[in-house]
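See structure below.
The values are calculated or read from the model by the stated rules, or taken from the named source; none is laboratory data. Owing to the predicted nature of the structure, the values given are computational and were not obtained by experimental measurement. No Cβ is skipped: glycine too gets one built from the backbone with ideal geometry, and neighbour counts run over all protein chains shown. Only protein heavy atoms, including side chains, enter the accessible area calculation; ligands, DNA and RNA are left aside. Shrake-Rupley method; radii C 1.70, N 1.55, O 1.52, S 1.80 Å.
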Amino acid sequence: MDPGTLVAQALTAGVGAGLSGAASSAVSDCYAALKQALVRRLAGRPGALERIELLERRPGGSAEGLAHDLVMADAVDAEAVEHAQRLLALIDRDGSPGYILVTATATGYTTVDTAHLR
């Protein structure tokens, strides 16, 4: 999974967890940190920021278009990826804790695998 998709999926999952009431304070804090990192990177580029705000107003949309917008706006950096990894590690579709393993190379992040702790 590429970093843009990782960040977009983390945003989507964070919004979903918040709506379901399943979000702990750690999830809420991590989502806020991710969004804040993106807001800083998106200063002066309203398109992708508007897409994040639309996701918050109408959750359930695809992360694909958001991922494209974030990458095109050059908003996905190491800080955003780190926040996204933490957020996704805290959220799991069925509510059980999980973790994310990212394999990095000299040229950047190359693969992302998820696993669930049971």
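VAL15 passes every criterion in (1) open to solvent by 20 Å² or more (accessible area, probe 1.4 Å); (2) of a type in the set (A, V, I, L, M); (3) closer than 18 Å to LEU87 by Cα apart from (1).
Remark: pairs (first residue in the stretch 70-86, within 20 Å of VAL27 (Cβ to Cβ); second residue surrounded by fewer than 22 Cβ atoms within 10 Å (Cβ to Cβ) and of a type in the set (Gly, Ala, Ser); Cβ separation under 7 Å; 6+ apart in sequence or on different chains) = GLU79/ALA37; ALA80/ALA37; HIS83/ALA33; HIS83/ALA37. Scan the stretch 63-101 for residues that are at pLDDT below 50, closer than 16 Å to ALA13 by Cβ and outside any loop (DSSP other than H, G, I, E, B) and jot them down. If the condition is that a residue be at pLDDT below 50, closer than 16 Å to ALA13 by Cβ and outside any loop (DSSP other than H, G, I, E, B), then GLY98, TYR99, ILE100 are the ones that fit.
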